[in-house]
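The next block holds one structure in the form of structure tokens; read it before the comments.
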Amino acid sequence: MIELIIKSVGDCRWFLSYFYAMRGSELREMAMKYRGLIAGLVVFCAGNALPAAESGYLAPRTEQGAPDLQGTWSIATQTNLERAERFNGELVISEEEAILIEARVQARNEASNQPSDPDREAPDAGRNVGGYNTFWMDPGDRLAVVRGEIRTSILVDPADGRLPYSEQGLANYASAMRQRNSYDGPEARPLGERCVVGFGSTGGPPKLPVLYNNLTQIVQTETHVLLMAEMNHDARIIRLNAEFQANSQYPWMGDSVGYYEGDSLIVETTNFHPQQSLRSSLEHRFYGSQQMKVTERFTRVADDVIRYQFTVDDPENYTQTWSGELPMDRTEDQVFEYACHEGNYALPGILAGARTADAEGNNYAPTDPGR
């Protein structure tokens, strides 16, 4: 337990959320044994739970004089793309509210990590048994903090924190979701399931957090910038001070060009692969056309934080542009090999199950896409 207290000195929000999530017996035991330390930490953390201010920070430079963004960064966060209704449209919440939300996350994680009962009864027939336990999950345990504000959504525009779909955009999204739930062949299955690119929009653009593998490694040269996502080792290579390729080229994650503007790297991307129109994960879902244009801004605002901002322009599917921002936190963790195809029998198993259902005359209707 003393290790938890030591960790809290560098991460006050973590300590407070963990403190509030503890069960009564654990809390009493910890309070009796370390009551002096805990009392001091509660007072210390009450005024120090938020990151340091950004003002006056001077970003380090590369050999070419560009802002140095190199390293490994995490976008893991409990803040989702769209704002939940329970926040009543508010983008920013208080630290006290955030601590309670994060405490519930901590408590849920603690409960999920408990050993399974070996004497439990078998589950109901036909239930989804799930693909992962919490060992594999790493979605982050805190809400995003941008400019000292604790955010309830990544979206900042529109002001309500909701995607501004047009009627046509909603129709396109619903159609794509129905196709996503098709089992006719391998091409009908999601890209992440086929190990083509990562789930959702983890590789970008825009870069958005997912259930696990939320690291990004950035490498800069004089002529290019590499953004390598941890999931599926999706590598987006940005050509600096260059023109877009011909419209006949539609690479995965689009065609990206960039330039430096002061302390920021600006990246513009368009000409997306047609099979990447739907970005879907547990944390976010959105639909974009091949001609969607995404403008990203990477600004290092502290030694350990890059402020990531993006704007999506897609009049084919939305009534206006939409924008978001979130922190990329520096980490000393390393990006290990992502092995997806090797030993992966999921796809043939899924298709074999569908063919068995066909032979038995079962109707596996697609799930209602909803939002």
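Listed values, structure above:
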read-out	value
Only one of D141, D119, D160 that is in a loop (DSSP other than H, G, I, E, B) and over 25 Å from G324 (Cα atoms)	D119
The one condition in (1) loosely packed, with under 14 Cβ neighbours inside 10 Å; (2) more than 18 Å from G324 (Cα to Cα); (3) in the same structural domain as L326 (by TED's automatic domain parsing) that E97 fails to fulfil	(1)
Counted residues, segment 172-226 - those being assigned to a loop (DSSP other than H, G, I, E, B) and under 23 Å from T295 (Cβ atoms)	17
Residue match in segment 214-232 (condition: in contact with a helix residue (DSSP H, G or I) (Cβ under 7 Å, 6 or more places away or on another chain) and in the same structural domain as V305 (by TED's automatic domain parsing))	no
Residues of segment 216-246 satisfying the condition of being of a type in the set (G, A, S) and buried (at least 17 other Cβ atoms within 10 Å of the Cβ)	A229
Long-range neighbours under 6 Å by Cβ, at least six apart or interchain, first residue closer than 13 Å to I99 by Cα within segment 138-155, second buried (at least 22 other Cβ atoms within 10 Å of the Cβ) and of a type in the set (D, E)	R142/E102
Candidates G204, G198, G192, filtered to the one that is within 21 Å of N317 (Cα to Cα) and buried (at least 18 other Cβ atoms within 10 Å of the Cβ)	G204
Among the candidates D184, D141, D160, residue that is closer than 25 Å to R104 by Cβ, modelled with pLDDT under 95 and among the charged types (D, E, K, R)	D141
Qualifying residues in segment 116-138 (those that are closer than 23 Å to G192 by Cβ and polar (S, T, N, Q)) - the one modelled with the highest pLDDT	T134
Pair list, Cβ under 7 Å, 6 or more apart: segment 285-298 residue in the same structural domain as L170 (by TED's automatic domain parsing), other residue of a type in the set (A, V, I, L, M, F, W, C) and in a loop (DSSP other than H, G, I, E, B)	F286/L163; G288/F272; Q290/F272; M292/F272; F298/L69
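The values are calculated or read from the model by the stated rules, or taken from the named source; none is laboratory data. Owing to the predicted nature of the structure, the values given are computational and were not obtained by experimental measurement. No Cβ is skipped: glycine too gets one built from the backbone with ideal geometry, and neighbour counts run over all protein chains shown.
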